[in-house]
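To start, the structure under review is shown below, and the notes come after it.
Please treat every number below as a calculation from the coordinates, not as lab data. None of the values given here were measured: they were computed from a predicted structure. Neighbour counts run over all protein chains shown; Cβ positions are idealised from the backbone, glycine included.
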Amino acid sequence: MEIAIFNRLTTPKLHQLLEFAGINGLFLIGCSDVAKARRDRDFPLFRHATGQWAKKVRGKTHYFGTDKDSAAERWYKEKDALYAGETPKSRNKGPTITELANVFNASQRQRHETTGKPGLRHIELCERTIRRLIGFVGADCNISSLGPDDYAKIKLRLFEPVKRTKPVRGKVFGRQVARRSPETVAGDVRRIKTFLNWCHDSEYIAAPRFGNKFPNETEVAVTKASLKQQSENRKDIAAGDILALINAARVNFKPLIWLAINSGIGNADIAAIEWDDIATIDDNESWIDLPRLKTGAPRRFILWPETKFAIKEYLAIRNYSGERYKHLVFLTSQNLPWVRGKGDKDHVDSIGTVFAKLRDDCGVKGATFYGLRRTFATIGCESLDFAAVKVLMGHVKDKRDMTSRYAQGVGDERIKAVTDHVRQWVLNGAEVAK
């Protein structure tokens, strides 16, 4: 039995009484020591004989280091997992998610420099998604500690909107949504799986435990309200509106609109067109081979007469004598690339900015430049040659699609048939002044 008493009570007679009572130990402490003891009583950890701060949880002693403040901070981070009988993520051995992300991103960029695949846009999207994942789980998270429930929570958080703090398209902040769409989240899920499966294939981690709560697609209930909203949010552009936009556009912007509806190529691909890509512009049939930047997929299309006319009209007034961008065909009125910058912070899409102003001037509501690509796909599919549309769009073949695996390719006549169908649809909208 032990007892703590004040110094003023420690007399020889008291010692004799304590020994007679069978009390084995005597601790002599002062008033200041009592106050300190009361403070330490509120501290969740105890000082172990090894000098470390420790805590016994579920019958097992856990150690948190010798520094009191650091030990307390670590305890509050790990206590929930310890009380639940789980190993805290910070105690798992192996590389952190940040270390894995650095290796993966470096590998992707090195592969792009060597083979051209994947495209830079795809790499940037992967890096953006991985940064968001790290924000959810923490920079020091060990992937092996994540289970199906963790991935289910991650997917729910992926629906949260990304708050825009800086302009992302020129001086435009872009539309701030209340909730990200299932299609956008599906892309994030695919990129996360690609990243973690690559880490597993490279033998950095064990197989990720996604479970059945982390599917790519998200089933959304179909209601009258959702169908109405889907109808209102259609991103296709009417043929008459496209022609109105072309007629109102400046000479340096007209060929960009024609190229988008002619072939379904997007903003970044148009901005990256070089002189070798349009070497056949003076031929009777001008065929263009232009791999898609995002996926590196091969793509081939034929230029319409209207598109060729708009390009030649622009080239007649093009005035650039510099060296930096001389390899690019299309430049802004300030002789800059239409899409420039490689990261989120310095990315500028002048095509989207100019198109937004042009759209407002023409009174075309809700249209975006990328909507021309969607319109091309929609009208092109009316030809019922979906394989040819897929080639024109630069979509990657699905490895699970056995038909695409055995198909021997799409001939030029099929590609021309699709583009002719879209051209006829556009020209039926109104007469174009040449």
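Just to be sure before I move on: is residue 245 without any contact (Cβ under 8 Å) to a residue 60 or more places away in the chain, surrounded by 20 or more Cβ atoms within 10 Å (Cβ to Cβ) and assigned to a helix (DSSP H, G or I) in the structure I sent?
When the stated conditions are applied, residue 245 does not pass them.
Of the residues examined, residue 66 is one that is part of a loop (DSSP other than H, G, I, E, B) and free of Cβ contacts under 8 Å to residues at least 24 places away in the same chain.
Taking the range 113-126 as the range and being surrounded by 15 or more Cβ atoms within 10 Å (Cβ to Cβ) and without any contact (Cβ under 8 Å) to a residue 24 or more places away in the chain as the test, only 123 passes.
Per-residue answers, yes or no, for (1) among the aromatic types (Phe, Trp, Tyr); (2) not in a helix (DSSP H, G or I):
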{"site": "73", "(1), (2)": "no, no"}
{"site": "76", "(1), (2)": "yes, no"}
{"site": "82", "(1), (2)": "no, no"}
{"site": "95", "(1), (2)": "no, yes"}
{"site": "99", "(1), (2)": "no, no"}
{"site": "106", "(1), (2)": "no, no"}
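Taken together, the residues in the range 313-324 that are surrounded by 14 or more Cβ atoms within 10 Å (Cβ to Cβ) and either of a type in the set (Phe, Trp, Tyr) or farther than 19 Å from residue 270 by Cα (or both) amount to 1. Scanning the range 271-317 for residues that are under 30 Å from residue 113 (Cβ atoms) and among the hydroxyl-bearing types (Ser, Thr, Tyr) turns up 280, 295. Look at the range 312-336: where a residue is at positive phi, no partner that is of a type in the set (A, V, I, L, M, F, W, C) sits 6+ places away or on another chain with Cβ atoms under 6 Å.
The set of residues from the range 281-293 being surrounded by fewer than 20 Cβ atoms within 10 Å (Cβ to Cβ) and touching a residue at least 12 places away in the same chain (Cβ under 8 Å) comprises 281, 285, 286, 287, 289, 291.
If we keep just the residues of the range 358-390 that are free of Cβ contacts under 8 Å to residues at least 24 places away in the same chain and charged (D, E, K, R), which is surrounded by the fewest Cβ atoms within 10 Å (Cβ to Cβ)? Only one residue tops the list, namely 365. Scanning the range 51-85 for residues that are within 23 Å of residue 137 (Cβ to Cβ) and surrounded by fewer than 13 Cβ atoms within 10 Å (Cβ to Cβ) gives 70, 76, 80, 83, 84, 85.
For residue 268, the conditions (1) hydrophobic (A, V, I, L, M, F, W, C); (2) touching a strand residue (DSSP E or B) at 6+ places or on another chain (Cβ under 7 Å); (3) assigned to a loop (DSSP other than H, G, I, E, B) are fulfilled apart from (3).
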